[in-house]
Structure formats: C-alpha cells, structure tokens
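Please read the structure below before turning to the comments.
The values are calculated or read from the model by the stated rules, or taken from the named source; none is laboratory data. Here the structure is a predicted model, which is why all the values come from computation and not from measurement. Cβ: placed from backbone, ideal geometry, glycine included. Neighbour counts: every protein chain shown. Remember, those area values only see protein heavy atoms, side chains included, never the ligands or the DNA or RNA. Shrake-Rupley method; radii C 1.70, N 1.55, O 1.52, S 1.80 Å.
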Amino acid sequence: CQPIAQLAAGLGPGAFSVLTFNVNDDCVSESAAPGWTLEDQHLALASLIEYHKPDVLCLQECMSCADSAASWLFRSKYDLHGSAFSHRGACLLFLRKGGRLAAAGQPRSIGPVALLPAALGVPGGPQLYVACGHLAPHKEG
C-alpha cells in the first residue's frame, strides 16, 4: 500500500490527501487480539497517520484519543483546526503542518460537523471548505 501523501503528490500541485478514520474510541473491537488495549489502538492509529502523512486528518468517535500519549506522536506534525460533538464523541479536524492546505479563516461547528475554510497552497489556489462530521441518520430521521 502506497502512502496517500505520495499518491496525491503524483497527481500534481493541485492535489491533496485526506485520511478519515472512525476511531471507535470507547471500546476495543471484539476481533482484536487478546490483550489489545485502547492505548494499543491509539498507537496503531498514530502509526497509520505517520505512514500516510495526509494533508487533512479527520477523526470521528474520539473520546480519549486526542488526549492519549499516542496523540503526541502526530500532534507535533498536525494542528487541530476544528472540533464538533456528535452522538458518539468528538469529530476532530487537523491539517498537517507544512501540508498542501492552509487554514483560510476560523473553524465553525454546525451540529456534528466541524468546518474549516482552507486554501490550496499553490499560486492562485482555490479556496474550499474542509469538513469532518459524524452523522446519526437514525436519530435525524
């Protein structure tokens, strides 16, 4: 599996990479190996982020991962730019420091969605919104 940052770089200066991950951060999967802990889960997530180096990182169902020891493995390379609370924890929106996107305004939360105006870091690059959300279709009808 090739890192997504390399794939995006190969597409040209207007491309950027996104990694979105549902952390399911209050329980360990039933299919996890015996002895697997939430801290192991956090370390595996940090390793995945380090490998792929996405420009945009969206995490959903965060209860404790943002405060875990493992989060500091990626926090030195990512800035938190927005958060919103959903029916299952927080949605966290990060941009990679020195990445292809830069914040172009203040983040906003609209319901369970964090929104950030951003600009593509190329001359005359377009502005866009980056969103991280966790919807509850059964609760919203």
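A few comments on the model shown:
- Residues that are open to solvent by 10 Å² or more (accessible area, probe 1.4 Å) and of a type in the set (A, V, I, L, M, F, W, C), drawn from region 79-89: Leu80, Phe85
- Residues in region 1-44 that are outside any loop (DSSP other than H, G, I, E, B), open to solvent by less than 40 Å² (accessible area, probe 1.4 Å) and among the small types (Gly, Ala, Ser): Ala5, Ala8.
- Criterion violated by Pro54 - all others in (1) open to solvent by less than 20 Å² (accessible area, probe 1.4 Å); (2) part of a helix (DSSP H, G or I); (3) touching a helix residue (DSSP H, G or I) at 6+ places or on another chain (Cβ under 9 Å) satisfied: (2)
- Pairs meeting the criteria (first residue in region 26-45 and without any contact (Cβ under 8 Å) to a residue 60 or more places away in the chain, second residue among the small types (Gly, Ala, Ser) and assigned to a loop (DSSP other than H, G, I, E, B), beta carbons under 6 Å, at least 6 apart or on different chains) are His42/Ser68; His42/Ala70; Leu43/Ala70.
- Under the condition of being of a type outside the set (A, V, I, L, M, F, W, C) and touching a Phe, Trp or Tyr at 6+ places or on another chain (Cβ under 8 Å), the residues counted in region 32-56 number 2.
- Residue within region 60-79 that is modelled with pLDDT of 85 or more and of a type in the set (A, V, I, L, M, F, W, C) present: no
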